[in-house]
Amino acid sequence: MKTGHRKTFILTEKPSVGRDFAKALGIRGKGEGYLEDDRYIVAWALGHLVELQEPDAYDPRWKSWRMETLPILPERFAYRPIAKTRKQLKIVERLLARKDLGDVVIATDAGREGEVIGRTILLHSGRIAPDRLRRFWTSQALTPAVVRAGLENLSPAADYDRLWRAGQARQIADWLVGMNLSRAATLKMKDLFSVGRVQTAVLALLVDRRRERDNFKPEPYWLLKVRFTNEKGAWWGNWFRKTETRFAEEPAARAVSAAVAGKNGRVRSVSRKKKRQPPPLLFSLTDLQQEANRRYGFSAQKTLSIAQTLYEKRKCLSYPRTDARVLGTQSVGMVKGLLGDLSPIYPGIFAGVVDRLASLSNRRVFNDAKLTDHHALIPLAKLPGGAGADEEKIYDLVLRRFAAAFHPDCEYEATEIVTEVEKETFRTRGRIILKPGWQAVYDAETSPKDEEETALLPPLEPDDPAAVAETRVDRKMTQPPPEYTEALLLREMTDPGRYVAEAALKKIYRGDVGLGTQATRAQIIETLLKRKYIVRRKRHLVAVERGCRLIDTLRALPATRPIASPEETAQWELQLERIAQGAGEADAFLSKIRAFVTDAAAAFKSGSGSGSGPAGGRGAQKLGRCPACGGDVIEGKKGYGCAQWRRPPQGRGCRFVIWKVQAGAELSEESVVHLLERGETDLLSGFRSQTGKTFSARLRLTSSMDGVPGVVFDISRER
């Protein structure tokens with residue numbers, strides 16, 4: 001690339017990427033925070049170097065948290081340096097002011113967020129003529145060849161203005177929602193609460209799951225299994241009748257069991273189908289986080305941190321913050337080289353690799369149409385010595401998934417047998433592996449599990465005799481939806497379509513749009529934990545009363561309900577995606593966000609218990625009737641008590657109170673309302689005994705010795 005006597009300035013997102021550029025270009029000169037030779041200056045950000053200003057920078061009235069100053073709606077937005085990276089920003093600003101610069105190349109990560117990082121730094125650092133701004137863009141690993149080829153094929157930065165507009169719109173929308181609703185919720189509930197465009201939708205998933213489990217009423221059902229025999233062998237069959245597979249009443253199951261016991265039947269049908277199962281797709285970050293959580297119990301943040309270390313420090317994994325499961329067509333040569341390098345080092349894993357699959361014909365791996373900002377996560381080199389045990393686990397997951405991608409399909413025979421006796425039918429399923437293919441990469445313990453049964457079956461044919469040798473009636477109970485593990489929550493953050501009613505939005509969620517991004521999902525979970533909205537219990541994530549209370553409060557007002565809805569987040573994400581594609585307008589999107597926060601602030605102001613006055617004041621929300629005196633129960637700072645507690649001057653007033661924190665768990669307004677209306681709450685979780693053990697219970701009103709009703713734990717009816 002020719003730039004005359006002027007130097008080309010290259011801005012990367014992180015130091016390690018800057019060093020990759022320097023290596024590819026042969027730059028050896030070092031400065032503080034940058035690298036330089038007679039042709040190039042390579043400097044880097046440290047992620048975001050600037051952030052949106054605080055409210056009081058626009059108007060001093062917005063410094064104090066007061067309901068009457070809401071909504072906070074600056075006409076124009078400005079940026080400020082992030083304190084901890086101010087030094088690097090000053091270095092970049094000084095370099096950009098040099099007189100010997102020619103083109104300025106934005107080489108931050110290829111994607112919406114990378115565009116925001118690059119543009120905001122340049123915007124804050126001073127005006128640069130648009131015709132000097134160029135964009136380096138690649139989704140491949142930054143090998144020297146890729147760097148040099150990319151610099152020979154730079155695009156005008158204006159070609160990516162749509163991504164900048166979408167990224168900045170997302171940034172401003174998050175600021176508007178967070179600043180306004182966090183203040184409003186805090187003032188209303190008289191405690192510090194944080195509300196976010198994405199984090200609150202994720203919290204809503206966890207709150208809804210807790211409620212589903214707390215309110216779940218298990219019901220019994222019965223299954224009938226029969227063991228058949230003939231001269232060819234024995235097999236078990238499960239009773240079914242059309243679409244029914246279980247009995248709602250035990251007598252019905254016992255009746256069928258008695259009717260077939262000791263009888264002779266026949267094999268009504270045998271279906272054998274040869275099937276092929278292709279290798280799993282390469283890892284995206286979220287896929288890796290799910291697998292590491294399922295297999296090792298790693299948190300999403302831990303997996304990301306390890307993968308980042310293997311990328312930056314160990315240099316043996318590709319860039320981890322990716323949502324792609326494929327490689328680009330330009331990566332074929334790189335893959336062939338990797339297979340040749342890794343096969344001798346890990347012969348047991350790469351022994352079954354088929355050379356022809358490392359070609360453009362393998363569209364499960366090489367597919368530009370499904371490539372996003374970065375290609376899938378793959379190994380780039382041998383795991384170096386000195387790596388820790390957890391690093392070995394993550395590297396091994398990525399290594400095996402990569403090797404499996406270039407193995408043949410797993411071939412197997414799926415068998416379904418229907419046996420009939422006394423006009424009752426029984427289904428048997430089995431599976432025989434014919435050629436393991438890619439499954440040879442995994443041993444029995446690490447192989448991805450398949451849902452089909454794997455029973456070894458005799459070689460039965462239709463009309464073969466079937467004698468009933470044994471019957472078994474098993475009593476089962478319906479189960480509540482499972483508690484969220486991080487793996488399950490990440491899956492639903494990636495594809496939360498089942499929470500969305502509109503068919504159009506379901507299509508969105510089957511695509512690339514989800515709750516958060518590959519880079520932010522782990523941090524969203526950690527934020528919810530840090531703010532004590534949820535807790536970890538072994539491998540599960542569970543909403544606690546504080547989180548439930550926030551969601552209840554937001555859903556109580558129609559104007560704020562959308563922020564606690566994954567569906568609304570889907571609508572917003574769709575609009576941002578359209579802006580990124582050049583099909584939407586950022587101004588129109590932000591106008592809707594401004595209208596939303598305006599309506600939300602007005603709803604909080606007009607709603608009772610807004611928090612603009614003293615706790616327990618005249619405008620406090622009435623939660624129910626006091627069981628002691630019939631007065632109104634309202635919310636105070638530490639409890640929910642009777643409004644008559646300071647009735648002057650006769651007597652000392654009513655002393656009824658329900659403390660907000662019970663055995664370490666905070667009660668929500670909804671639970672208090674149920675307690676006052678019905679005398680007991682739903683089954684609640686998150687309580688902790690004096691020995692430190694967690695337990696679930698209902699709270700029940702009871703009379704104390706002095707006649708003032710109190711609250712006791714009822715664990716005798718815990719389901």
Check: Given the structure, is TYR346 in contact (Cβ under 8 Å) with a residue 40 or more places away in the chain, surrounded by fewer than 19 Cβ atoms within 10 Å (Cβ to Cβ) and farther than 30 Å from ARG227 by Cα?
Finding: yes
Next item on the list: Could you please let me know if ARG401 is modelled with pLDDT of 95 or more, assigned to a helix (DSSP H, G or I), crowded, with 19+ Cβ neighbours inside 10 Å and among the charged types (D, E, K, R)?
Entry: yes
Margin query: Looking at LYS242, LYS232, can you tell me which residue is touching a Pro at 6+ places or on another chain (Cβ under 6 Å), over 14 Å from LYS476 (Cβ atoms) and among the basic types (Lys, Arg)?
Written below: LYS232
Note to self: Only one of ARG210, ARG162 is touching a strand residue (DSSP E or B) at 6+ places or on another chain (Cβ under 7 Å), buried (at least 19 other Cβ atoms within 10 Å of the Cβ) and farther than 25 Å from ARG429 by Cα. Can you tell me which?
What the structure shows: ARG210
Next item on the list: Return the total of residues in segment 308-338 being in a loop (DSSP other than H, G, I, E, B), of a type outside the set (D, E, K, R) and either touching a Phe, Trp or Tyr at 6+ places or on another chain (Cβ under 9 Å) or modelled with pLDDT of 95 or more (or both).
Entry: 7
Next item on the list: Considering each of SER361, SER305 in turn, give the residue that is at pLDDT 95 or above, more than 16 Å from ALA403 (Cβ to Cβ) and part of a helix (DSSP H, G or I).
Entry: SER305
Check: How many residues does segment 256-293 contain that are more than 19 Å from ASP323 (Cβ to Cβ) and either among the hydroxyl-bearing types (Ser, Thr, Tyr) or part of a helix (DSSP H, G or I) (or both)?
Finding: 7
Check: Out of curiosity, is PRO384 more than 18 Å from TYR442 (Cβ to Cβ), assigned to a loop (DSSP other than H, G, I, E, B), touching a Lys or Arg at 6+ places or on another chain (Cβ under 8 Å) and in contact (Cβ under 8 Å) with a residue 24 or more places away in the chain?
Finding: yes
Check: Restricting to segment 560-585, what's the tally of residues that are among the small types (Gly, Ala, Ser) and more than 19 Å from GLY516 (Cα to Cα)?
Finding: 3
Check: of a type in the set (A, V, I, L, M, F, W, C), modelled with pLDDT of 95 or more and touching a Leu at 6+ places or on another chain (Cβ under 6 Å), is that true of VAL468?
Finding: no
Notebook entry, point to check: How many residues are within 22 Å of THR200 (Cβ to Cβ) and surrounded by fewer than 15 Cβ atoms within 10 Å (Cβ to Cβ) when one looks only at segment 575-586?
Noted result: 0
Check: With respect to ALA601, is the statement that it is modelled with pLDDT of 85 or more and in contact with a Gly (Cβ under 9 Å, 6 or more places away or on another chain) true?
Finding: no
Next item on the list: Collect the residues in segment 1-22 that are more than 17 Å from THR108 (Cα to Cα) and not polar (S, T, N, Q), keeping them in residue-number order.
Entry: MET1, LYS2, GLY4, HIS5, ARG6, LYS7
Check: Among (1) under 30 Å from GLY337 (Cα atoms); (2) touching a Pro at 6+ places or on another chain (Cβ under 8 Å); (3) of a type outside the set (A, V, I, L, M), which single condition is PRO55 missing?
Finding: (1)
Check: What is the residue count in segment 154-207 for residues that are hydrophobic (A, V, I, L, M, F, W, C) and not in a helix (DSSP H, G or I)?
Finding: 5
Checklist line | Hits in segment 661-671 - residues which are surrounded by fewer than 22 Cβ atoms within 10 Å (Cβ to Cβ) and part of a helix (DSSP H, G or I) | finding: GLU669, GLU670
Next item on the list: Kindly establish whether TRP572 is surrounded by fewer than 19 Cβ atoms within 10 Å (Cβ to Cβ), hydrophobic (A, V, I, L, M, F, W, C) and either at pLDDT 90 or above or out of contact with any Phe, Trp or Tyr (no Cβ under 6 Å at 6 or more places or on another chain) (or both).
Entry: no
Checklist line | Selection status of ALA307, closer than 28 Å to TYR221 by Cβ, in contact (Cβ under 8 Å) with a residue 12 or more places away in the chain and aliphatic (A, V, I, L, M) | finding: no
Notebook entry, point to check: Do you know which residues across segment 291-307 are buried (at least 16 other Cβ atoms within 10 Å of the Cβ) and either touching a strand residue (DSSP E or B) at 6+ places or on another chain (Cβ under 9 Å) or among the hydrophobic types (A, V, I, L, M, F, W, C) (or both)?
Noted result: GLU291, ALA292, ASN293, ARG294, PHE298, SER299, ALA300, LEU304, ILE306, ALA307
Next item on the list: Give the residue that is nearest to the chain's Cα centre (by Cα), with candidates limited to residues of segment 474-490 that are over 22 Å from VAL198 (Cβ atoms) and charged (D, E, K, R).
Entry: LYS476
Next item on the list: Identify all residues within segment 12-45 that are closer than 19 Å to ASN153 by Cβ and either polar (S, T, N, Q) or in contact with a helix residue (DSSP H, G or I) (Cβ under 6 Å, 6 or more places away or on another chain) (or both); write none if there are none.
Entry: THR12, PHE21, ALA24, TYR40, VAL42
Check: Which residue, of LEU25, LEU11, LEU35, is farther than 18 Å from PRO144 by Cβ and either within 40 Å of the chain's Cα centre (by Cα) or surrounded by fewer than 21 Cβ atoms within 10 Å (Cβ to Cβ) (or both)?
Finding: LEU11
Margin query: Given the criterion touching a residue at least 40 places away in the same chain (Cβ under 8 Å), of a type in the set (Val, Ile, Thr) and in the same structural domain as GLN199 (by TED's automatic domain parsing), identify the matching residue among VAL177, VAL147, VAL92.
Written below: VAL177
Margin query: If THR329 satisfies all but one of (1) without any contact (Cβ under 8 Å) to a residue 40 or more places away in the chain; (2) over 22 Å from GLY111 (Cα atoms), what's the number of the condition it fails?
Written below: (2)
Next item on the list: Using the structure shown, decide if LYS263 is within 20 Å of TRP438 (Cβ to Cβ), in the same structural domain as LEU434 (by TED's automatic domain parsing), surrounded by fewer than 21 Cβ atoms within 10 Å (Cβ to Cβ) and not polar (S, T, N, Q).
Entry: no
Notebook entry, point to check: Can you spot a residue in segment 632-642 that is modelled with pLDDT under 85 and acidic (Asp, Glu)?
Noted result: yes
Next item on the list: Report yes if some residue within segment 216-224 is in a helix (DSSP H, G or I), among the aromatic types (Phe, Trp, Tyr) and either assigned by TED's automatic domain parsing to the domain that holds ARG555 or surrounded by 15 or more Cβ atoms within 10 Å (Cβ to Cβ) (or both); otherwise report no.
Entry: no
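The values are calculated or read from the model by the stated rules, or taken from the named source; none is laboratory data. Values in this document were obtained by computation on a predicted structure and should not be read as measured data. Cβ sites come from the backbone with ideal geometry, for glycine too, and all protein chains shown count toward neighbours.
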